[in-house]
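The structure under discussion appears below in the form of structure tokens.
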Amino acid sequence: MKKKLPRLEHPWLLLLTPTPEILGAFLNLPTALTQSLTYLLVGVAAWANRHLPGIYLVLTGALLNALAVFLHGGMPVDPDALNRAGLERYRDYLAQKGDGFHYLAPAFPLGDWIPLPGRVLSPGDLAIALGLLLTPLLPPKRENLR
């Protein structure tokens with residue numbers, strides 16, 4: 001018996017997600033605006049596909065990141081995590097407003113404080129990544145099969 005896959009709804013939404021970043025680069029738009037629009041598109045695409053297993057983790061991650069940005073006007077980045085990730089060269093840049101979205105701040109539970117080699121992530125980022133990883137691996141709900 002052939003395995004049936006859940007149907008991806010509105011795949012064009014996922015294709016649009018890099019658009020705010022691309023337009024922002026060419027039109028010199030504020031990073032906070034382009035990042036917010038990107039998260040909005042990811043959230044809308046995830047909501048449209050909430051029937052897929054793992055998508056609720058993606059939605060949770062997007063909401064956690066949005067909450068961090070809403071509470072702080074940007075994404076706080078822990079300076080110690082930057083050091084542990086080998087990114088100490090960005091400390092001065094972020095201390096001086098950086099990209100207008102990320103900024104240096106002591107560890108905040110929803111901010112970027114989880115160091116990986118060459119990267120600092122937030123709990124929301126991890127939830128998004130885990131959800132995207134699990135979505136194709138988990139069995140679909142029976143009513144959502146093609």
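Coordinate-derived values only; no laboratory data. Because the structure is a prediction, the values reported are computed rather than measured. Every residue, glycine among them, receives a Cβ derived from its backbone with ideal geometry; neighbour counts consider all protein chains shown.
Which FRET efficiency value, to the nearest 0.05, is calculated for L116 and L14 with the Förster distance at 35 angstrom and r the Cβ-Cβ distance?
Approximately 0.90, to the nearest 0.05.
As a test of the formula, what do you get for the chain when each DSSP H run with n ≥ 4 contributes -39,500 (n - 2.57) and the sum is divided by the residue count, at 222 nm and rounded to the nearest 500 deg cm²/dmol?
-15000 deg cm²/dmol
Whole number please: convex hull volume per residue of the Cα set in the chain, in Å³?
Hull volume over Cα atoms, normalised by residue count, gives 120 Å³.
For region 70-92 and region 100-137, compute the distance between their C-alpha centroids and round to whole Å.
Using only Cα atoms to place each centre, the spacing works out to 11 Å.
Once Lys and Arg get +1 and Asp and Glu get -1 on their Cβ, which of P109, N83, L23 lies farthest toward the positive end of the dipole of region 11-138?
Of the listed residues, the answer is L23.
Is any helix in the chain, taking whole DSSP H runs, at least 15 angstrom long along its axis by alpha carbon and on average at least 0.5 on the Kyte-Doolittle scale, and which ones?
Helices meeting the span and hydropathy rule in the chain are 31-48, 55-72, 123-134.
Given R₀ = 22 Å, FRET efficiency for A95-W47 by Cβ-Cβ distance, to 0.05?
My answer for the efficiency is 0.05.
Quick check: from the Cα gyration tensor, does region 80-120 come out rounded (a/c under 1.5), prolate or oblate?
oblate
Taking the Cα centre of the chain as origin, sum charge times position over the Cβ atoms of Lys and Arg (+1) and Asp and Glu (-1), and report the length of that vector in debye to the nearest 20.
900
What is the percent of Cα-Cα separations in region 1-57 that go past 16 Å?
That fraction is 51 percent.
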